[in-house]
Structure formats: C-alpha cells, structure tokens
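First the structure, in the form of structure tokens, and then the observations on it.
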Amino acid sequence: MGDGGAYFMGFTLAGVGVIGLVKTVTTAAVLLPYLILAVPILDMSAVILDRLRCGNSPFVADKRHLHHRLLKAGLSHRVTVLFIYVLTLWAGSLALAFSGMPSGIIYALGATALLSYTGWRLRQRVR
C-alpha cells in the first residue's frame, strides 16, 4: 500500500469516525473503524505479542504474519491473498451490518457464506 495509501486510509477512517460521532451512537462510531480494519489489526497484534512472548524484539521482521503462515501451510500466493481478501470483506460486511445499514445484514450473510465456502475449499486444498 505504501505511505500514501496508509495516510489516505488513516485520514478516511478518522473522517468516518468524526462524522459518525455526530450522526450515530458514539460506541458504534468509535468501534466501526476498528471492525473495518480487524484483519490487519489482529494480525499485527498477534505477531507483536508472539514476538514478545518468545523474547524477541517486536520491531524485528519475521515470517509470523498470517500471509506467511498460509504460504507455509502449502497455499499458493494467489490463494493466500484471495483468502485474506475474503476475510477482510467479511469483517467489512459485519461493520455494515452493525452500522444499521438496511441491506447490511444481507451483505454480512453473503460474506459469511463466501468465507465459509472459501475456508472449506482451503481445508480440502491443504490436506
């Protein structure tokens, strides 16, 4: 994504949070950006905690991220990226459902079905 993409994403989510504080319940406005970015935030947090638990510096690169773990499990680069996309789509559709969007629940159910199917196919492929 690079610096420009990261800055744009951060600015956009900050704007959504500020606008959401005016229009909706404060809890939902604060938590929705975190739900939208759940996959990268949880991946980063898990890797940092794992590095600290093993006595390593959290700032030294390693291959403990979700992407590397899926590649190590035998998936191709393309399938790994598609799975992470589907996982992110699922988290984003949950954010739509929690925001009260009229068709948000339909999106969340569709993304849940897609994630379930993708996970099932991945289990078959890894075996």
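Taken together, Gly74, Gly92 contain a single residue that is farther than 17 Å from Met44 by Cα and part of a helix (DSSP H, G or I), which is Gly92. Evaluating Leu96 against the criteria (1) in contact with a helix residue (DSSP H, G or I) (Cβ under 7 Å, 6 or more places away or on another chain); (2) at pLDDT 85 or above; (3) of a type outside the set (Gly, Ala, Ser) leaves one unmet condition, (2). Do we find a residue being of a type outside the set (Asp, Glu), modelled with pLDDT under 90 and under 21 Å from Met44 (Cβ atoms) anywhere in segment 101-119? No, every residue in segment 101-119 fails to be of a type outside the set (Asp, Glu), modelled with pLDDT under 90 and under 21 Å from Met44 (Cβ atoms). If you go through segment 86-118 and keep only what is of a type outside the set (A, V, I, L, M, F, W, C) and either free of Cβ contacts under 8 Å to residues at least 12 places away in the same chain or exposed (fewer than 13 other Cβ atoms within 10 Å of the Cβ) (or both), you end up with Gly100, Pro102, Ser103, Gly104, Ser116, Tyr117.
Counting residues in segment 52-74 that are within 21 Å of Ser116 (Cβ to Cβ), surrounded by fewer than 14 Cβ atoms within 10 Å (Cβ to Cβ) and touching a helix residue (DSSP H, G or I) at 6+ places or on another chain (Cβ under 9 Å) gives one or more.
So that you can scan it fast, the table gives a plain yes or no per residue for (1) in a helix (DSSP H, G or I); (2) at pLDDT below 90; (3) in contact with a Gly (Cβ under 9 Å, 6 or more places away or on another chain); (4) of a type outside the set (Ser, Thr, Tyr):
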site	(1), (2), (3), (4)
Tyr7	yes, yes, no, no
Thr12	yes, yes, no, no
Val22	yes, yes, no, yes
Pro40	yes, yes, no, yes
Ser45	yes, no, no, no
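The values are calculated or read from the model by the stated rules, or taken from the named source; none is laboratory data. Because the structure is a prediction, the values reported are computed rather than measured. Here Cβ is always computed from backbone atoms with ideal geometry, including for glycine, and neighbour counts include all displayed protein chains.
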